[in-house]
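Reviewing the structure listed below.
The values are calculated or read from the model by the stated rules, or taken from the named source; none is laboratory data. What you see is a predicted model; the values in this text were computed from it and never measured. Using ideal geometry, Cβ is built from the backbone for each residue, glycine included, and neighbour counts are taken over all protein chains shown. When the accessible area is computed, the model is the full protein with side chains, heavy atoms only, and any ligands, DNA or RNA have been set aside. Shrake-Rupley method; radii C 1.70, N 1.55, O 1.52, S 1.80 Å.
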Amino acid sequence: GQQVMQIPQYQHVQEGEDFTTYCNSSTTLSNIQWYKQRPGGHPVFLIQLVKSGEVKKQKRLTFQFGEAKKNSSLHITATQTTDVGTYFCVNAGKSTFGDGTTLTVKP
Amino acid sequence: DTEVTQTPKHLVMGMTNKKSLKCEQHMGHRAMYWYKQKAKKPPELMFVYSYEKLSINESVPSRFSPECPNSSLLNLHLHALQPEDSALYLCASSQAIRQASPSSYNSPLHFGNGTRLTVT
């Protein structure tokens with residue numbers, strides 16, 4: 001199936017440092033979604049990307065969809081302790097999750 | 001807080017028990033989902049209902065039996081589970097799945113808080 005691979009699995013940063021997680025698919029995706037799951041919580045929708053080369057921003061978060069629609073990235077500028085959690089990309093056409101990247105932030 | 005309500009929050013059951021997980025949403029969504037999530041793993045899709053009809057079954061064992069009585073409710077009936085079935089079970093809903101040529105489009109998923117299931 002259209003499985004999405006996500007790297008890295010874990011990322012530990014000092015507060016104020018930047019963070020990026022990458023999502024890759026072997027096949028073209030119709031669209032991709034990003035979710036955040038806080039420890040002990042449930043996944044919460046962040047953004048959906050549909051168009052080739054699309055870039056969307058939410059405050060310190062920047063989301064990109066590759067030109068070939070096979071990869072995507074989430075970049076957080078100047079991380080804060082509130083950013084901790086696991087970030088998942090989702091193949092929206094199949095409703096299937098990537099493996100996730102767990103972010104920890106040291107104050 | 002979430003607009004998708006799941007009950008119970010916690011459930012402990014023996015391998016011979018029969019129990020049900022319940023999920024309810026009042027957002028007018030016509031697609032509902034069951035996911036299973038083990039610790040430190042991503043949610044794993046189990047079932048999808050679209051307009052109250054089962055549209056996706058990801059080869060889930062028959063000891064899990066989904067039911068969608070109406071557009072607001074989704075149940076997951078459990079029978080003869082194994083200890084390895086212990087996990088967080090997440091329900092989600094979304095606007096109706098649209099199958100539009102040349103690609104399908106799924107709207108964002110709204111998750112409940114989940115049911116933490118322990119099978120002893």
Alpha-carbon Debye profile of the protein assembly as shown, log10 I(q)/I(0) at 0.16 Å⁻¹: -1.12
For segment A:52-107, the dipole about the Cα centre with charges only on Cβ (Lys and Arg +1, Asp and Glu -1), to the nearest 20 debye, works out at 120
Karplus 3J(HN,Hα) series, Hz, for segment B:47-56 with 6.51 cos²θ - 1.76 cosθ + 1.60 (x for Gly, Pro): 9, 10, 10, 10, 6, 6, 10, 5, 10, 9
For chain B, any Cys whose C-beta has no other cysteine C-beta under 4.7 angstrom counts as unpaired, and these are B:C68
If the only charges are +1 at each Lys and Arg Cβ and -1 at each Asp and Glu Cβ, what is the size of the charge dipole of the protein assembly as shown around the Cα centre, to the nearest 20 debye? 140
When only Cα pairs under 8 Å and 6 or more residues apart are kept, what is the percent relative contact order across chain B? 36
What figure, in Å² to the nearest 10, do you get for the accessible area of B:R63 with a 1.4 Å probe and non-protein molecules left out? 70
Cα-based Rg / Dmax (Å) for segment A:4-106: 12.7, 36
Find, among the trypsin sites (Lys or Arg not before Pro) in segment A:10-107, those assigned to loop by DSSP (not H, G, I, E, B) with at most 13 other beta-carbon atoms within 10 angstrom. A:K51, A:K59
Using +1 at the Cβ of each Lys and Arg and -1 at the Cβ of each Asp and Glu in the protein assembly as shown, identify which of A:Q64, A:H12, B:M15 lies farthest towards the dipole's positive end. B:M15
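If you average the sequence gap of Cα pairs under 8 Å that are 6 or more apart and divide by the length of chain A, what percent do you get for the contact order?
After rounding, I find 38 percent.
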Just to check I understand the Karplus step: with θ = phi - 60° and J = 6.51 cos²θ - 1.76 cosθ + 1.60, what whole-Hz values come out for segment B:4-9, glycine and proline as x? 10, 9, 10, 9, x, 6
Environment charge at B:L81 (Cβ cut-off 12 Å; Lys +1, Arg +1, Asp -1, Glu -1): +2
Using modelled backbone amide H atoms (1.01 Å from N, in-plane), which distant-in-sequence or interchain residues come within less than 5 Å of B:G114's amide H? B:Q6, B:C91
Using heavy-atom solvent-accessible surface (probe 1.4 Å) with all chains present, what is the largest-first order of A:V44, A:V90, A:V84? A:V44, A:V84, A:V90
